[in-house]
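Structure record follows, encoded as structure tokens.
We did not get these values from a lab; they are worked out from the coordinates using the rules stated. Quick caveat: nothing in here was measured; it's all calculated off a predicted structure. Ideal geometry is used to build each Cβ from the backbone, glycine not excepted, and the neighbour counts take in all protein chains shown.
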């Protein structure tokens, strides 16, 4: 009787460990999924503002990036690719960067962003729960975060994004 | 060429191990085939495979994928050699090498065993070897060849290029794998012989050996983390660290319960279960480290498909052993009841607390995985949880540990015991008070730690004096008793070290320019120089600090920040000035403009952590050598 | 009068220094309980990563504003989830985790009771 209990508990642990192994997504989930966007109030690159009022009636992608971030260079091409396949607005949030470097960077690689907010101190990053750039958020017409991508947006991620956007448009 | 020799050796070894396992069928025949030659050949072939891999590393043979992925021509020779087990495939090969080495030791040197029992034990050991070799050949072969041969390799993770970590895995593996032989001894006993005092005597030296090397391996790893990871702690409750601590706790419980079985012929089923669990937790430890199921600082090698394989191996051994025990438990007869005030009584409490600690760590480690699976919520279980639970569980264990060795078997009288404890209590309170007087700043819990350390220390010493009639009768000493005394004193010193290091540590993080200084307790540290350095496979910066105590120059400390270009990886080499009673610790961090960030620690009693661990290791080995030389 | 003034300045100043040191200590204590989410198993106190540095600064600022530990951890949990706490909170998700040691010990004592002689 004692041993039956022991064996059942062990079996339970093993089954769980087995399914735990096959877990696909190892990254930290955002707590903002299906919630309104967090605080944002930034100066943008062209001396404008990027704030709550920019998130209305439109499906948007918010992309945290910086010129010092190497994976962001890889991601950059895919942002253009995404725009080619689906012309949505992409807001860039320039995370803890040097404006001069940023301008050179954009000149060299092109600018896929409709607007770039400057997050000099990184506080907007913290408010959005960003842990390591690049990170991107998909936001629906009502300013609700619908999807988050940790790390580089690549071909696979674009496919997922397109599907999500399609379902939001309905 | 190397790949061919390696592969052929592995294939021979796997065939031999399978053949040896099949011998189980013949065990009831009158003439049992002696396993010695088979076991020696297994050892020989695995050794050949291992050395051919090592050879490939030393000559930088990049035609072998494993060498290409983990080595580089510019790497120092020492790390070319230790790089063999700095990766998944090589470390699994080392694992099997230790496995067959233990089989070899038993077959050649353990003369206490009769032939059928020995054959049976070694056949089960061969089954373990067979399964692990299968795993290596199917999913982790270190002898995979690439073509064309690359010009240079990708180098080893720089964190692993360090003497502390280079020798940490072999020690740990001797510990883990030593528990496999205990496992085989136990399984074999179900078919030949009974679980009596003689069985306890058979497994005891091997439990001791495994326990000692686990102790050494874990403390080497912790020492490495202390000076290499650059944040001045010695234990982080990281899942991988927990994975090594769990078999250690289980082996500690087993070590003590075999004593009861040996002397009192009881706790049989419990001891069997512990023998199974010890090996099971070694396997689970391997699973946690190798599968990548848990994100961890140290999870260097991870691959889910391998994870499934190792999980299947774990499940196979754990379930077959549990089911065996469940089926046969009816035939194992336990002796008598036990009095709580007796040595066996205290050992039962020891076992309860060790297992409670073990299960708490296990639950804490896997809880986040389970919670996420069932609810999708992500949480962390970190040091605050483990520190709290371990203090609460291990505190009482230490309280008992002090007087447990003094109590008689069977029954002791409480009054006599308490009168002896008075002296110990007085001395430990005195020490606690002295500490309170010298250093009254720390939290109260620190005094509890010091009290426990002193309580254990004086209790053990008291026992030593009593037994030797105050050193008049030193011939009463045997190595087993002496080993116990040394190990228990080691634990006392270790506890004092942990207390000082965690609760009395003074820590400063400062940004300094050359010429500035920092004050730390009675010391002053002058930042005199910074220079560029260049090693064989790294570049970096070295700072020079002159350490003064009350204007008297003591020593120049040189912390380094290194960068390994091949792996694009920075490392911190802390500079430590150790006086036996305390450490001054400097770790160098990032530069900001013209200044650098440094982390300074004054950690009192920290060296005692390692002094205590080494004493525990020596104690275990003393006890092991007594048993092994006397009876083998 | 001048003396008094100096005295007041001195006490104010020393109190400030004292308070600052206390805040530092408090900040370090909180830091040790916050996970550096980028580096997985480290606390932000142990880490040199950018995010860890920013969070340390943020925590210090919040303390200066007079926020207490609860408010600060709440602030972080709102953004990063409970994953960021190295010391899990005691709630419905973690009852089992926190009570497990106790359950194990009680169950163990129950098992042992059978072995011991009465008396």
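Quick notes
- Distance from the stretch C:24-52 to the stretch B:428-478 (C-alpha centre basis), Å: 36 Å
- Gyration tensor over alpha-carbon atoms, the stretch C:20-87, equivalent ellipsoid semi-axes in Å: 18, 13, 10
- Taking the convex hull of the alpha carbon positions in chain B and averaging its projected area over all directions gives 31.7 nm².
- Full extension of the chain segment joining residue B:419 with residue B:73 gains 117.8 nm, where the gain is 0.36 nm per residue of separation less the Cα-Cα distance.
- Computed FRET value (nearest 0.05) for residue A:162 with residue B:448, which takes r as the C-beta separation and R₀ as 60 Å: 0.50
- Estimated D of the stretch B:443-509 in µm² per second, where Rh is the Kirkwood radius over Cα pairs and Stokes-Einstein applies at 10 °C, 1.306 mPa s: 120 µm²/s
- Kirkwood-Stokes translational diffusion coefficient of the stretch B:67-202, alpha-carbon pairs, 4 °C, 1.567 mPa s, µm²/s: 76 µm²/s
- Taking N as the residue count of the protein assembly as shown, its C-alpha radius of gyration divided by 2.2 N^0.38 Å amounts to 1.03.
- Mean Cα-pair separation over length for chain B, i.e. relative contact order, pairs under 8 Å, 6 or more apart, %: 12 percent
- With 0.36 nm allotted per residue and the present C-alpha distance subtracted, the residue B:391-residue B:553 stretch has 54.4 nm of extension available.
- The stretch B:480-497 and the stretch B:194-260: distance between their alpha carbon centers, rounded to Å: 14 Å
- Here is the tail figure for the stretch B:1-161: Cα pairs spaced more than 22 Å apart come to 45 percent of all pairs.
- With the simple spin-label model, which puts each label point 7 Å out from Cα in the Cβ direction, the residue A:141 to residue B:265 separation comes to 8.5 nm.
- Cα gyration tensor shape of the stretch B:297-409, rounded if a/c is under 1.5, else prolate or oblate by comparing a/b with b/c: oblate
- Efficiency of FRET from Cβ geometry, residue C:102 and residue A:81, R₀ 60 Å, rounded to 0.05: 0.60
- q = 0.10, 0.11, 0.12, 0.16 Å⁻¹, the stretch A:33-169: log10 I(q)/I(0) [Debye, one scatterer per Cα]: -0.28, -0.34, -0.41, -0.76
- Global geometry of the stretch B:537-632, whether rounded, prolate or oblate, following the gyration tensor of its Cα atoms and the 1.5 cut on a/c: oblate
- Folded to 0 to 90 degrees: helix A:99-109 orientation relative to chain A principal axis, Cα: 80 degrees
- Percent RCO, i.e. relative contact order, over the stretch A:33-169, from Cα pairs under 8 Å lying at least 6 residues apart: 36 percent
- Residue-averaged [θ]222 nm for the protein assembly as shown, counting only DSSP H segments that reach four residues, each worth -39500 (n - 2.57): -20000 deg cm²/dmol
- Inter-probe distance in nm under a simple model that places probes 7 Å from Cα toward Cβ, at residue B:534 and residue C:109: 6.7 nm
- Along each principal axis, Cα extent of the stretch B:13-79, largest first, Å: 59, 19, 14
- A crude spin-label estimate for the pair residue B:546 and residue A:68, with each label 7 Å from Cα along the Cβ direction, gives 3.4 nm.
- Only Cα pairs under 8 Å and 6+ residues apart enter the sum, and on that basis the relative contact order of the stretch B:172-396 stands at 21 percent.
- Among the residues of B:340-348, the average count of other protein chain beta-carbon atoms within 10 Å of the residue beta-carbon is 2.
- Sorted by Cβ density within 10 Å, fewest first, the residues B:524, B:147, C:43, B:419: B:147, B:419, B:524, C:43
- Chain A: most fluctuating residue of A:148, A:86, A:100 per GNM, C-alpha cutoff 10 Å: A:100
- The calculated FRET efficiency for the pair residue B:337 and residue C:92, based on their C-beta separation and a Förster distance of 35 Å, comes to about 0.25.
- Centroid-to-centroid separation of the stretch B:70-121 and the stretch B:599-621 [C-alpha atoms, Å]: 28 Å
- Based on the Kirkwood approach, the hydrodynamic radius assigned to the stretch B:172-396 is 18.5 Å, with every pair of different Cα atoms included.
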